[in-house]
Amino acid sequence: MKLVFAGTPEVAVPALDALIDSGRHEVAAVITRPDAPAGRGRRLVASPVAERAQDAGIEVLKPKRPRDEEFLARLREIGPDCCPVVAYGALLPKAALDVPARGWVNLHFSLLPAWRGAAPVQHAVMAGDEITGASTFLIEEGLDSGPVYGTVTEQVRATDTSGDLLTRLAFAGSGLLAATMDGIEDGSLQAVPQPIDGISLAPKITVEDARIDWSAPALRVDRVVRGCTPAPGAWTEFRGERLKIIAAQLLADRTDLAPGQLDAGKNNVYVGTGSHAVEPLWVQPQGKKPMRAADWARGVRIAAGETLGG
């Protein structure tokens, strides 16, 4: 088939690579979000998908809005048979959905109908799911509600951050997407409607969602830290300023600290929760670079009785 691939971040690159490398289909063009400012200089930078496509000599389309008539006209001119999508980052209007004869097929990082929405991996980690995966489905105008072509499962490990899990799913999902394109092309795959039971939603994680509640059980604190790493970053307050908790571990043998209460030793920092203590390993003070929690504690000279969380 002639394909037009839509995607933007690094997590979409493995799927693009799989389609390019398969040799069975022609990736005629790539659709991605416009260049965005990045770094201290805020200079415009192309998306990871755009850079990969340019390296491969593939035409790159960067519409400000997918409903722009100039973009739609070019899409119709290319005439794709199917449009695979991975984390494109913009809603597709009906005028775009109607262009490819075999539709737009999204690689979504959950086992649908679980975790429909923008942040399925973060929500899976924060909810304590033991198994998640990726699904390919035919895009409709509803939110991730279209019929499913295929799935692949992935275990959620006890120490996984959302970044760790998303990286594994990106590579596992790339093979699923390539196989889905093959199955659509040769007629061996038929999309199956999603069940009406088991639907859960995964909206974008807000800054407030990432705020640590130290009165919650330690297991909940651990899930929030892992689920919000690397973005948006779990955080708390210390002396009126924001402090990100990048990594922490559970300490089942310490129950002597009140929620948020700090205890800093020479090489370790401990914080009380609603159950047992946790040990922050890496933190990032406001306006500074990430550092080991013990180094941070020595620098700020934690006083007896000080707490996190305001």
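The values are calculated or read from the model by the stated rules, or taken from the named source; none is laboratory data. Since the structure is predicted, the reported quantities are computational estimates derived from the model, not experimental observations. Using ideal geometry, Cβ is built from the backbone for each residue, glycine included, and neighbour counts are taken over all protein chains shown. Heads up: the accessible areas ignore ligands, DNA and RNA and are worked out on the full protein's heavy atoms, side chains in. Shrake-Rupley method; radii C 1.70, N 1.55, O 1.52, S 1.80 Å.
Quick notes
- The range 135-221 - percent relative contact order, Cα under 8 Å, separation 6 or more: 29 percent
- Taking every protein chain into account, the accessible area of the range 225-310 amounts to 52 square angstrom per residue (probe 1.4 Å).
- Extension gain for Phe171-Thr255 works out to 26.2 nm (0.36 nm per residue, less the C-alpha to C-alpha distance).
- Surface composition of the range 152-247: carbon and sulfur make up 56 percent of the accessible area, probe 1.4 Å.
- Inter-label distance, nm, simple model (7 Å from Cα along the C-beta direction), Leu44/Ala231: 2.0 nm
- Given their separation in residues at 0.36 nm each and the Cα-Cα distance between them, Asn267 and Ala56 gain 71.1 nm when the chain is fully extended.
- Most tightly packed first, judged by the mean number of other beta-carbon atoms within 10 Å of their residues, the peptides 151-161, 185-195 read 151-161, 185-195.
- Rolling a 1.4 angstrom probe over the protein heavy atoms with all chains in place gives the range 131-175 an accessible area of 44 Å² per residue.
- From helices alone, the chain scores -8000 deg cm²/dmol at 222 nm; the rule is -39500 (n - 2.57) for each run of n ≥ 4 DSSP H residues, then divide by the residue total.
- Around the Cα centre of the chain, unit charges on the Cβ atoms of Lys, Arg, Asp and Glu (plus for the first two, minus for the last two) sum to a dipole of about 1220 debye.
- Ligands, DNA and RNA left out, the accessible area of the range 1-111 computed with a 1.4 Å probe is 48% carbon and sulfur.
- For Leu243, the amide hydrogen comes within under 5 Å of the amide hydrogens of Thr236, Glu237, Phe238, counting only partners 5 or more places away or on other chains and with H modelled in the peptide plane.
- Cleavage-rule hits, chymotrypsin sites (Phe, Trp or Tyr not before Pro), the range 262-308, DSSP coil, Cβ neighbours within 10 Å at most 11: none
- Over 29 Å between alpha carbons, listed pairs Lys62/Lys289; Lys204/Lys266; Lys64/Lys289; Lys62/Lys288; Lys244/Lys266; Lys64/Lys244: Lys62/Lys289; Lys204/Lys266; Lys64/Lys289; Lys62/Lys288; Lys64/Lys244
- Tensor-based shape of the range 1-108 (alpha-carbon gyration tensor, a/c under 1.5 rounded, otherwise prolate or oblate): oblate
- Förster-model FRET efficiency, 35 Å R0, Glu10 and Leu281, C-beta, rounded to 0.05: 0.90
- Relative to the Cα centre, the charge distribution of the range 36-125, modelled as +1 at Lys and Arg Cβ and -1 at Asp and Glu Cβ, gives a dipole magnitude of about 420 debye.
- The range 165-186 residues near the modelled Arg102 label - backbone nitrogen below 14 Å, point 7 Å along Cα→Cβ: 177-186
- Cα-based Rg and Dmax for the range 269-310, where Dmax is the largest Cα-Cα distance (Å): 10.8, 31
- Summary value for the range 60-177: 21 percent relative contact order, contacts being C-alpha pairs under 8 angstrom separated by 6+ residues.
- D by Stokes-Einstein for the range 126-225, Kirkwood Rh over Cα pairs, 4 °C, 1.567 mPa s: 82 µm²/s.
- Sparse-neighbour loop sites [GluC sites (Glu not before Pro); the range 207-276; at most 12 other C-beta within 10 Å; DSSP]: Glu208
- Largest to smallest accessible area among Asp98, Asp68 [probe 1.4 Å]: Asp98, Asp68
- Modelled label positions at Ala127 and Asp35, each set 7 Å beyond Cα in the direction of Cβ, lie 4.0 nm from each other.
- Cα gyration tensor shape of the range 145-284, rounded if a/c is under 1.5, else prolate or oblate by comparing a/b with b/c: prolate
- Across the range 1-143, C-alpha contacts under 8 Å between residues 6 or more apart give a mean separation that, scaled by the residue count, equals a relative contact order of 23 percent.
- Calculated diffusion of the range 230-285, Stokes-Einstein form, Kirkwood radius summed over Cα pairs, 10 °C and 1.306 mPa s, µm²/s: 136 µm²/s
- Across every direction, the projection of the convex hull enclosing the Cα atoms of the range 76-140 has a mean area of 4.6 nm².
- Considering the chain at the alpha-carbon level, its Rg and Dmax are found to be 22.3, 69 Å.
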